[in-house]
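Novice: Pasting in a structure now, in structure tokens, and then I'll have a few things to ask.
The values are calculated or read from the model by the stated rules, or taken from the named source; none is laboratory data. Treat the numbers as computed from the prediction; the structure is a model and nothing was measured. Every residue, glycine as well, gets a Cβ built from its backbone with ideal geometry; the counts of neighbours run over all protein chains shown.
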Amino acid sequence: MLLLYDSMTTEMKRLEEFRCQFPLLESQVYGKPLVYFDNAATTQKPAKVIEASSHFYETQNANVHRASHVISAKATTAFEQSRTAVAQFINARSTKEVIWTSGTTNAINLVAQSWGKANLTKHDKVLVSVAEHHANIVPWQMIAKETGAEIVAINLTSSGVIDLKHLKRELSANVKLISVNHISNVTGKLNPVEAIINLAKEVGAKVLIDGAQAIAHHRIDVQKLDCDFYVFSGHKMFGPTGLGVLYGKQAILEAMPVYQTGGEMIKSVSFVKGTCFNELPFKFEPGTPNIASVVAFNDAIALIEAHRDLIAKQDDELTRYTYQSLCQIKAVKPLFDGLPDIPLFSFSVDNQHNQDVAAYLDSKGIAIRAGHHCAMPLMEYLAIDGCLRVSLAPYNTKQEVDFLVSTLQGLLSNEQSIEVIESAHQEGQALKIIERFNVANSWDKKHREIMMLGKEFARMDKALRSAESLISGCESKAWLIAESTANGYEFSADSDAKIVRGLLAVTLAAYQGKSADEILAFDIESYFNKLGLQSHLSPSRGNGLLSIVEKIKSIAESKLLTQ
């Protein structure tokens, strides 16, 4: 029994030591401890990675490869050491197969613009899945427009993985490329990429694997996979932003034409003899690279390698614990059946708009993601507008999961018990709202006021929702119409998100009954400052608030132009 206790104590200590390496996790949001559950978007950075970037600028800041001085030599050595570390990390045959990019998106674009443009014709097909990130769809659509190639979307099974039966039906000699994710950023499910690669070989197709979500959770062996391309981003595996990797088989990369030109990818330039391009890997690395991030990336790789067992164990435990905990809430509806393969959970909440849930959690210090997650075709395939996503990393804890669950339960309980207060009369609406918000002296309370206003807000007839009445720029769809009367403008508006309806109520209170001249003269910024909103709203939601204002002002300006 004592040995078991000692083992548990040692494990807890290791987890605490791992978590302590990430300084931002000690932050507070609105006076509450930060619970960071948006790791699928980007992971937090350990102190060593942050320090490595600063150390480079302080002690080694010079360009790489070309200069002959000692600082450049140090920078070049550190730069290429990171390339070697990546090659070993994914088991590439050679460092020539590791190309630095600005991220997964850039890596896919490189392959599309170089290999795709050179190899695809109007007779060819590219297979992707409906669950791809936009970054693995749009580049192929662009090349298809140029070459005439056809893009075919492969369906998913009920559990959220690529349907091999459907893929097999679409396979033919015309399929030149299969480009799919290793793990979807929405489903959290591990796709059968080994089987997909084997099927591709049967028809002579190349395979690109988007490993952005898999790279931090699973050991990747590109030789064992035998894929032609594997792409990923540093910032999703505790590394710096603005850095990614394209792995490609050396023979394929050597045969590919250059994508962008200039700087390190050039061997010689002459007006007489023309330009001679550099060899791999520099052939695809134009200009001055992101040297500091490349150098710091070495420490991110070292962190993962040093904690492989801890990461694997935490992934498994957090996945099971979070799944079981979310399943306790009857209103939570997962997008797909079964346990995900990494701690990434996409779901909706009955009778709650995604943005409302995310905003409520944010007011409690819990950071999650709401929306389409750059996977609009998947949302279309599922016939939904978006969903909520909770994604964990090994530094997250079961206690944080418990807090998420209790907060969600609190939201659902509060939703049922909120009493609708009497709406402000048109006369003095803005002053009454300012009074309400002045009493709400914390963001938690201000958020509650916005949600209550959204609950009270008079809904608009859905027949009036049109492209003309749509407010462009809101993070959730919103609509606004205006009627000009002798007493000024009367505005009607609507949104499916209560938080957006609340912001509409706040904004319209300032403009109802005003003439076009009065609308344009009104100091809306001062009004918002009095409410204390803009310092708390996220950039997207703040931009949405301004979009409402711009819509109202454009209506007023149109009125004046026609007078």
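Novice: Of everything in segment 375-399, what is free of Cβ contacts under 8 Å to residues at least 24 places away in the same chain and farther than 22 Å from GLN352 by Cα? Give them in sequence order.
Specialist: GLN399
Novice: Let me ask something else about it. Being crowded, with 20+ Cβ neighbours inside 10 Å, in contact (Cβ under 8 Å) with a residue 40 or more places away in the chain and in contact with a Pro (Cβ under 7 Å, 6 or more places away or on another chain) is the requirement here; does PHE284 meet it? Steps first, answer last, please.
Specialist: Details: crowded, with 20+ Cβ neighbours inside 10 Å: yes; in contact (Cβ under 8 Å) with a residue 40 or more places away in the chain: yes; in contact with a Pro (Cβ under 7 Å, 6 or more places away or on another chain): no.
In short, no.
Novice: Quick one: in segment 491-529, which of the residues that are charged (D, E, K, R) and surrounded by fewer than 15 Cβ atoms within 10 Å (Cβ to Cβ) is nearest to ASP385 (Cα to Cα)?
Specialist: If we take residues in segment 491-529 being charged (D, E, K, R) and surrounded by fewer than 15 Cβ atoms within 10 Å (Cβ to Cβ), then GLU525 is nearest to ASP385 (Cα to Cα).
Novice: Now a separate question. Are any residues in segment 319-349 modelled with pLDDT of 95 or more and either in a strand (DSSP E or B) or on the phi > 0 side of the Ramachandran plot (or both), and if so, which ones?
Specialist: VAL332, LYS333, PRO334, LEU344, PHE345, SER346, PHE347, SER348, VAL349
Novice: Could you tell me which of the residues LEU253, LEU246 is out of contact with any Gly (no Cβ under 9 Å at 6 or more places or on another chain), closer than 30 Å to LEU303 by Cα, assigned to a helix (DSSP H, G or I) and outside the structural domain of ILE342 (by TED's automatic domain parsing)?
Specialist: Only one candidate qualifies: LEU253.
Novice: Would you point out which residue out of ASN529, ASN543 is more than 23 Å from the chain's Cα centre (by Cα), under 30 Å from ALA367 (Cβ atoms) and at pLDDT below 85?
Specialist: Numbers: ASN543 fails: more than 23 Å from the chain's Cα centre (by Cα).
After ruling out the rest, the residue left standing is ASN529.
Novice: Step by step: first the residues of segment 381-390, then only those that are under 18 Å from the mean Cα position of the chain (by Cα) and not in a loop (DSSP other than H, G, I, E, B), then the one that is farthest from LYS13 (Cα to Cα). Which residue is that?
Specialist: Restricting to residues being under 18 Å from the mean Cα position of the chain (by Cα) and not in a loop (DSSP other than H, G, I, E, B), the top hit is CYS387.
Novice: Let me ask you something else. Are any residues in segment 456-486 assigned to a strand (DSSP E or B) and either surrounded by fewer than 17 Cβ atoms within 10 Å (Cβ to Cβ) or of a type in the set (Ser, Thr, Tyr) (or both), and if so, which ones?
Specialist: Of everything in segment 456-486, those that are assigned to a strand (DSSP E or B) and either surrounded by fewer than 17 Cβ atoms within 10 Å (Cβ to Cβ) or of a type in the set (Ser, Thr, Tyr) (or both) turn out to be LEU470, GLU483, SER484, THR485.
Novice: Follow-up. Please identify the pairs in which a residue from segment 191-204 that is outside the structural domain of THR157 (by TED's automatic domain parsing) has its Cβ atom under 6 Å from the Cβ atom of a residue that is charged (D, E, K, R), counting only partners at least 6 apart or on another chain.
Specialist: So the pair list comes out empty.
Novice: Please state which of the following conditions SER348 fails to meet, knowing it meets all the rest: (1) closer than 24 Å to LEU24 by Cα; (2) buried (at least 19 other Cβ atoms within 10 Å of the Cβ).
Specialist: Evaluating SER348 over (1) closer than 24 Å to LEU24 by Cα; (2) buried (at least 19 other Cβ atoms within 10 Å of the Cβ) leaves (1) as the failure.
Novice: For segment 462-503, name all the residues that are of a type in the set (Ser, Thr, Tyr) and either in contact (Cβ under 8 Å) with a residue 12 or more places away in the chain or touching a Phe, Trp or Tyr at 6+ places or on another chain (Cβ under 6 Å) (or both).
Specialist: SER466, SER469, SER472, SER476, SER484, TYR489, SER492, SER495
Novice: Further question on the same structure: Got a sec? Which of ALA393, ALA370, ALA358, ALA424 is part of a loop (DSSP other than H, G, I, E, B), at pLDDT below 95 and not assigned by TED's automatic domain parsing to the domain that holds ILE154?
Specialist: It is ALA424.
Novice: Run ASP38 past the list (1) modelled with pLDDT of 90 or more; (2) under 24 Å from ALA358 (Cα atoms); (3) out of contact with any Lys or Arg (no Cβ under 8 Å at 6 or more places or on another chain) and report the number of the one that doesn't hold.
Specialist: Answer for ASP38: the failing condition is (3).
Novice: Mind checking which strands (runs of 3 or more DSSP E) fall wholly inside segment 55-158 and carry at least 1 residues that are farther than 26 Å from PRO192 by Cα?
Specialist: Of the strands (runs of 3 or more DSSP E) lying wholly inside segment 55-158, those with at least 1 residues that are farther than 26 Å from PRO192 by Cα span 98-101.
Yes/no per residue for (1) at pLDDT below 95; (2) buried (at least 23 other Cβ atoms within 10 Å of the Cβ); (3) on the phi < 0 side of the Ramachandran plot; (4) not hydroxyl-bearing (Ser, Thr, Tyr):
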residue: ASP124; (1), (2), (3), (4): no, no, yes, yes
residue: VAL128; (1), (2), (3), (4): no, yes, yes, yes
residue: ALA135; (1), (2), (3), (4): no, no, yes, yes
residue: GLU146; (1), (2), (3), (4): no, no, yes, yes
residue: SER172; (1), (2), (3), (4): no, no, yes, no
residue: ILE178; (1), (2), (3), (4): no, yes, yes, yes
residue: ASN181; (1), (2), (3), (4): no, yes, yes, yes
residue: VAL186; (1), (2), (3), (4): no, yes, yes, yes
